[in-house]
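First comes the structure, then the notes that go with it.
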Amino acid sequence: MKILIYSAKDFEIPFLEKANNDKHQIKYVPERLTPKTVELALGFDAISIFSADNGSSMVLERLKDFGVKYIALRSTGYDNVNINTAKKLGIKVANAAGYSPQTIAEHAIALLLALSRKLIPSNHQVNTYNFSLSNLVGFDINKKTIGIIGTGRIGKTITRIMHGFNCEIIAHDIYEDKKLEEEYQVLYMDLENLCRQSDIIFLCIPLNTQTHYLIDIDRIQHMKKEAILINVARGALVHTQDLLQALISKRIAGYGADVYEYESGIFFYDHSENKHEDKTLQQLIDLPNVILTPHQAFATKEALTTIAETTFYNINCWQQNKPGKNELTPELVR
């Protein structure tokens, strides 16, 4: 099968090469899939895309015209692909479902620890030989109330980790996990009560029409002033302007995120010599109570190995005309 890998990053290519094992004919391009780059797919049977690629109806229609039959996502999230249109066009789509919840969960905890112990300003101070502790007083995570919004694979893993910190865990999800309730005494509740009671809130849900701007000024008003919000899911779960105002006015204490609402075309690329004009992003970066990482939570050797293997598992299933466990249909993604 001829496969075009969009958004190919230098660090992931060795993992993809190993997983392919010379079975398929692969071409790697660093460009994202967009209406301008879709023509690169001409002559390919399948493409593989990442979270920043554009799988809108218009792009899918062009892919169909170019003969593309399959799309393998190298991510768990699929909000960037119109699954309904794909089905109508006869294009099969599969994701890298649950490739490494431990990897994402560990990064979420790293963001929390960096905020709670002020590791970023501490490191900056030490680099300038300033060893004063006056601005570095943090807080314990022990015995804090943890709110987890979304108790899927990542939310479950965060629950287990935070239980080890001796925390009380509350949660919100449309599906309540009885095993979490029994093993970790997780208490499910509505969003407003979770926001009111939580010292730390983790966002672990997919982005869709119901969750877009889930955290806005109204929800923030329910939060404690000492609350820390951690987002390792999608940037648009949070209304960025509302969040900015809350952080500036100290309505909440801090924000740690591996995602950004307007990250497309910015994250994954080096803009150090040609700074991107995004005032909102710059405001976030400049705030002392924010830590922002460039969508790197997945970037571990273990996760990259699993992503690559899952990508070619999906492709091999299509080549062999076998049903794959990761194929996405409108019925499954509702």
**OP:** Could you calculate the contour length gain from residue 241 to residue 179, that is, 0.36 nm times the residue separation minus the distance between their Cα atoms, to one decimal place in nm?
**Re:** 18.6 nm
**OP:** Find out how many positive minus negative residues lie around residue 140, taking Lys and Arg as positive, Asp and Glu as negative, among other residues whose Cβ is under 15 Å from that of residue 140.
**Re:** +1
Original post:
Using a basic spin-label model with each label point 7 Å from the Cα along Cα→Cβ, how many nm lie between residue 127 and residue 69?
Top reply: 5.2
Original post:
What is the chain's relative contact order, in percent, from Cα pairs under 8 angstrom and six or more apart in sequence?
Top reply: 17
Subject >> Pair residue 61, residue 143: separation of 7 Å Cα→Cβ label points (nm) >> reply: 6.2
**OP:** Using only Cα atoms, tell me the angle between helix 301-319 and the longest principal axis of the chain; keep it within 0 to 90° and round to the nearest 10.
**Re:** 30
Subject >> Shape call, the range 150-309: gyration tensor on alpha carbons, a/c limit 1.5 >> reply: oblate
**OP:** Work through the residues other than residue 88 whose Cβ is under 13 Å from its Cβ and net out their charges, Lys, Arg +1 and Asp, Glu -1.
**Re:** +2
**OP:** Give, in nm to one decimal, the length gained when the segment between residue 210 and residue 264 is fully stretched (0.36 nm per residue of separation minus the Cα-Cα distance).
**Re:** 17.3 nm
**OP:** Quick one: angle between helix 153-164 and the longest Cα principal axis of the chain, in degrees between 0 and 90, rounded to 10, please.
**Re:** 30
**OP:** Would you mind telling me the antiparallel percentage of the DSSP bridges in the chain, rounded to 5?
**Re:** 5
Original post:
What are the chymotrypsin sites (Phe, Trp or Tyr not before Pro) within the range 96-152 that DSSP puts in a loop, where the Cβ has at most 10 other Cβ atoms within 10 Å?
Top reply: 129, 131
Original post:
Of 129, 265, 282, whose Cα points farthest to the positive end of the dipole of the chain (charges on the beta-carbon: +1 Lys, Arg; -1 Asp, Glu; origin at the Cα centre)?
Top reply: 265
Original post:
Which net charge results for the neighbourhood of residue 313, defined as the other residues with beta-carbon distances under 13 angstrom from its beta-carbon, given Lys and Arg at +1 and Asp and Glu at -1?
Top reply: +2
Subject >> 10 Å Cβ shell holding at most 14 others, DSSP loop, GluC sites (Glu not before Pro): longest site-free stretch of the chain >> reply: 32-175
Original post:
Points 7 angstrom from Cα along the Cβ direction at residue 217 and residue 289: gap in nanometres?
Top reply: 1.7
Original post:
Length gain on complete extension for the stretch residue 102 to residue 36, per 0.36 nm per residue less the alpha carbon to alpha carbon distance?
Top reply: 20.2 nm
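Here, each number is a calculation from the coordinates, and none is a lab measurement. If you're wondering where the values come from, they're calculated on a predicted model, not measured in any experiment. Reconstructed Cβ throughout: ideal geometry from the backbone, glycine too, with neighbour counts over all protein chains shown.
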